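Nothing in this text is a laboratory measurement; each read-out follows from the coordinates by a stated rule. As the structure is a prediction and not an experimental result, all values here were calculated from the model. So basically every Cβ, Gly included, is an ideal-geometry build from the backbone, and we count neighbours across all protein chains shown.
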Amino acid sequence: MTKNYKELLHHIRAFVFDMDGVLTNGVFQLGDGGQPIRHFNSKDSYALQLARKKGYIVAIISGGYCNNAKTGFQRMGLTDIYMNASDKMEAWKDLLAVYEYDNLQPENILYMGDDIPDYPVMQKAGIAAAPADAAPEVKSIAHYVSSKKGGEGCVRDVIEQTLKLQDNWMLNEDFKW
């Protein structure tokens, strides 16, 4: 790597996150009818919403599917939600195509994943990030490994670092929720 992680943050315009093991701790219980119940961290949710409102592209690429999670992401203002993505590279390519006219390039994207299905996409992203409890193979290619585990603030960690570095973290008096 020719640049360090902090230098690469200057170029980030988009965040892409896996769901299970990144936005959640990867553990879920089955509710009525067999629908999985996942737990999300409110601090991660706040950071996702703030990044969106500050003009960053925020996307989810997950091999899992959960209607309730998708609805929750939509309520946060996220529109680029790829669920049931058995091939995450297909979703990655689609995301780049959607933002082709905005000149979104792989080097402008921070991707955070935790397990083997994330590996190919992490190799393409400008910054590959991982939670503290990610698989060793994923950590080995990450530019940054958060001190936070999946579902315990790792998403907030990378968004906060990026927005602070780009002077976008705090709200100003003109900002409306």
Among the lysines, which have Cα under 23 Å from the Cα of Lys88 when same-chain residues fewer than 8 positions away are ignored? Lys70, Lys124, Lys139, Lys149
When the chain is fully extended, how far beyond the present Cα-Cα distance does Tyr46 get from Val27, taking 0.36 nm per residue of separation? 4.7 nm
Which whole-Hz couplings ³J(HN,Hα) result when phi for each residue of segment 59-65 is put into the Karplus expression 6.51 cos²θ - 1.76 cosθ + 1.60, θ = phi - 60°, listed in order with x for Gly and Pro? 10, 10, 10, 10, x, x, 9
Work out, step by step, the length gained on full extension between Val98 and Asn4: first 0.36 nm times the residue separation, then minus their alpha carbon distance; give nm to one decimal. 31.0 nm
Overall form of segment 1-76 per C-alpha gyration tensor (a/c, 1.5; a/b vs b/c): prolate
Mind listing which GluC sites (Glu not before Pro) in segment 71-177 are in a DSSP loop and have 14 or fewer other Cβ atoms within 10 Å? Glu173
Paramagnetic reach from Asn68 in segment 20-61 [backbone N under 12 Å; point 7 Å along Cα→Cβ]: 28-40
Yeah, segment 67-165 with a ≥ b ≥ c from its alpha-carbon gyration tensor (a/c under 1.5 is rounded, else prolate when a/b outruns b/c, oblate otherwise) is rounded
Helix-only estimate, please: 222 nm mean residue ellipticity of the chain, summing -39500 (n - 2.57) across DSSP H runs of length 4 or more and dividing by its residues, to the nearest 500. -9500 deg cm²/dmol
To the nearest 0.05, what FRET efficiency results for Gln166 and Ile141 with a Förster distance of 25 Å applied to their C-beta separation? 0.55
What residues qualify as long-range amide H neighbours of Ser146, i.e. H under 5 Å apart, gap of 5 or more or another chain, H built at 1.01 Å from N? Ala130, Ala132
Once you sort the root eigenvalues of the Cα gyration tensor of the chain as a ≥ b ≥ c, which label holds: rounded (a/c under 1.5), prolate (a/b larger than b/c) or oblate (the other case)? rounded
Expressed in angstrom, Rg and Dmax over the Cα atoms of segment 47-111 are 11.9, 32
